[in-house]
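Working notes, structure below.
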Amino acid sequence: MAISFDLIGKAALVTGANTGIGQAIAIALAQAGADVAVAGRSEPTETLAALKAIGRKVVNIAADLSSIQPVQRVTDEAVDGLGRLDILVNNAGIIRRDDLLDFTEADWDAVIDTNLKSLFFLSQAAARHMAARAADGDQSRGKIVNIASLLSFQGGIRVPSYAAAKSGVAGVTRAMANELAARGIQVNAIAPGYIATNNTAALQGDETRNRQILERIPAGRWGRPEDIAGTAVYLSSPAADYVTGQILAVDGGWLAR
Ligand code: NAP
């Protein structure tokens with residue numbers, strides 16, 4: 001049997017695709033053949049133009065994922081617009097930085113709600129659709145790809161709610177993988193290393209932290225959003241049908257150190 005990384009005929013939903021890692025993943029999924037719905041709170045003008053230029057079906061869904069209120073609507077609009085949903089990439093996320101002793105409840109809740117709670121309930125809504133389809137005899141697999149972090153493995157500095165949320169993403173990825181494998185759905189996560197995006201602008205701009213980070217990365221450079229996209233395509237593809245419950249670091253070697 002030929003190994004396939006092909007996503008032709010698949011329908012994908014990517015959250016937070018107006019910029020950064022989500023944008024690169026949405027474009028890479030479309031380049032691999034998928035129709036793509038994007039969901040987020042900012043207008044993804046650049047991403048929509050890139051997706052249309054690739055020539056796939058595109059759906060744009062306005063949704064603020066700081067609460068779980070829109071998750072069913074987002075799933076329904078993706079399914080209605082693309083005709084089905086095979087792949088969900090939970091990428092939308094925020095970070096709040098402050099000294100541990102000053103860290104506020106608001107900064108705790110905002111990060112947990114967006115990065116962990118919405119990720120779980122959007123996955124649940126998508127998995128219900130994928131599982132119902134599988135129960136109807138559809139042989140194609142469902143794929144859920146969560147964007148975790150190095151802070152799914154480490155504690156970090158001045159980002160306690162982010163470390164808690166991303167450690168939670170690793171746990172819930174495994175929990176979902178265990179229950180959904182028998183329903184034809186694989187659930188995995190990508191743990192990006194230090195990637196140059198808005199999320200890390202403060203670190204890149206801090207001369208000392210930037211130097212410390214670069215000194216520790218064996219690859220000797222910040223990652224680019226495109227560095228994450230190939231792994232997202234792989235985990236979404238038939239080539240990864242026997243891969244589930246994994247947290248795959250794409251970090252230029254950081255964790256190997
Ligand atoms: P980014 O450029 O800031 O992208 C974050 C995306 O999430 C944006 O599209 C953002 O939309 C969206 N988002 C945030 N809050 C949202 C909300 N309430 N509702 C809907 N969408 C929302 O940063 P990034 O680095 O690409 O981050 C993408 C993911 O990778 C995040 O989960 C992040 O934690 C993770 N990650 C990043 C790194 C890194 O080094 N950059 C490392 C590990 C993990 P807006 O533009 O409207 O804010």
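Read-outs: derived from the displayed coordinates by stated rules, not from any lab. Every value quoted in this text rests on a predicted model; they were computed, and no experiment measured them. All Cβ positions, even for glycine, are placed from backbone atoms using ideal geometry, and neighbour counts span all protein chains on display.
General observations
- Positions within the range 50-65 being more than 15 Å from the ligand (Cβ to nearest atom) and buried (at least 19 other Cβ atoms within 10 Å of the Cβ), in sequence order: Arg56, Val58, Val59
- Residue within the range 135-153 that is hydroxyl-bearing (Ser, Thr, Tyr), within 16 Å of the ligand (Cβ to nearest atom), within 17 Å of the chain's Cα centre (by Cα) and part of a helix (DSSP H, G or I) present: yes
- For the range 165-198, the set of residues classified as within 16 Å of the ligand (Cβ to nearest atom) and over 23 Å from Gly230 (Cβ atoms) consists of Ala165, Ser167, Gly168, Gly171, Val172, listed by residue number.
- Residues that are within 12 Å of the ligand (Cβ to nearest atom) and either polar (S, T, N, Q) or over 30 Å from Val36 (Cα atoms) (or both), drawn from the range 70-108: Asn90, Asn91
- For the range 109-134, taking the residues that are closer than 23 Å to Leu13 by Cα and of a type in the set (D, E, K, R), the one that is farthest from the ligand (Cβ to nearest atom) is identified as Arg133.
- All helices (runs of 4 or more DSSP H) inside the range 196-257 with 1 or more residues being closer than 17 Å to Val89 by Cβ and touching a helix residue (DSSP H, G or I) at 6+ places or on another chain (Cβ under 7 Å): 225-236
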